[in-house]
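Below is one structure, written out as structure tokens; the observations come after it.
The values are calculated or read from the model by the stated rules, or taken from the named source; none is laboratory data. Quantities reported herein were computed from a predicted structural model and do not represent experimental measurements. FYI the Cβ positions are ideal-geometry reconstructions off the backbone, even for glycines, and counts take in every protein chain you see. Surface areas here come from the heavy atoms of the whole protein model, side chains and all, with no ligands, DNA or RNA. Shrake-Rupley method; radii C 1.70, N 1.55, O 1.52, S 1.80 Å.
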Amino acid sequence: DGHDTTAIGHAALGAATVGGNTAVGSEALQNNTSGNSNVAVGIQAGRFVTTAAGTTFIGKDAGKGITGAKLTGDDNTAVGRDAGLLLQGAAQENTLIGASAGDSITTGNYNTLVGVQSGSYVTALTTGGDNVLLGGYSHTGAADTARAVILGYNVSGDTDYTTLGNGTDDIRTAHGNITWATVSDERYKKDITDSTAGLSFINALQPRTF
């Protein structure tokens with residue numbers, strides 16, 4: 001029943017029972033059975049897609065997935081070598097652009113990651129969702145971070161915060177807040193040195209209560 005199908009490469013679309021798919025590359029969309037409107041270009045791109053529809057995977061191992069963890073979620077896009085490498089299960093509507101972008105996301109949904117190793121550098125995003133990361137090596141603070149907005153090169157952000165900057169030179173604000181602040185966390189600071197303030201400075205302090 002494979003109408004409107006293009007398959008180029010060893011085992012490309014080897015298991016397909018429906019049409020409307022395009023696979024170019026050895027083992028591209030190899031395990032796809034009933035998914036339609038999928039495009040995979042690259043060696044093993046989308047290899048473990050089974051019933052997912054509307055996916056676009058471009059690049060070697062883009063959206064490849066892993067044995068025993070088929071991808072059934074729809075409308076994922078991964079462009080770049082290893083982008084979306086581990087997508088599986090019902091993961092859906094992720095947009096991952098850049099080499100290794102989101103390469104550790106497993107079941108996270110609705111993430112938009114743009115930049116080399118975005119979402120995978122330092123701390124790998126795996127199950128978190130609704131995140132927006134723009135910038136090479138931009139990353140979340142935890143594997144399950146959700147609703148973070150991160151803009152800049154090698155910037156880290158956390159759940160329900162928007163963070164802007166370059167490396168550790170950043171500012172952030174909680175969603176819904178109207179003020180910005182620098183990150184008050186030793187992990188995000190640099191040039192830390194011992195204070196030279198002595199006892200005379202401490203004795204000059206005048207505590208107040210009110």
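The one condition from (1) of a type in the set (K, R); (2) closer than 22 Å to Q92 by Cβ; (3) open to solvent by 50 Å² or more (accessible area, probe 1.4 Å) that K64 does not meet is (3).
Those strands (runs of 3 or more DSSP E) of the range 25-97 that lie entirely within it include none in which at least 1 residues are over 22 Å from Y110 (Cβ atoms) and at pLDDT below 95.
Tell me the strands (runs of 3 or more DSSP E) entirely within the range 141-184 that contain at least 1 residues that are among the hydrophobic types (A, V, I, L, M, F, W, C), closer than 20 Å to Y110 by Cβ and open to solvent by 40 Å² or more (accessible area, probe 1.4 Å).
Output list reads 149-153.
I'm checking my understanding of the structure. Among residues of the range 79-113 that are closer than 16 Å to G129 by Cβ and of a type in the set (A, V, I, L, M), which one is surrounded by the fewest Cβ atoms within 10 Å (Cβ to Cβ)? In this case the residue turns out to be A90. If you go through the range 8-18 one residue at a time, do you hit one that is open to solvent by less than 30 Å² (accessible area, probe 1.4 Å), in contact with a strand residue (DSSP E or B) (Cβ under 9 Å, 6 or more places away or on another chain) and within 23 Å of A101 (Cα to Cα)? So far as the range 8-18 goes, no, none of its residues is open to solvent by less than 30 Å² (accessible area, probe 1.4 Å), in contact with a strand residue (DSSP E or B) (Cβ under 9 Å, 6 or more places away or on another chain) and within 23 Å of A101 (Cα to Cα).
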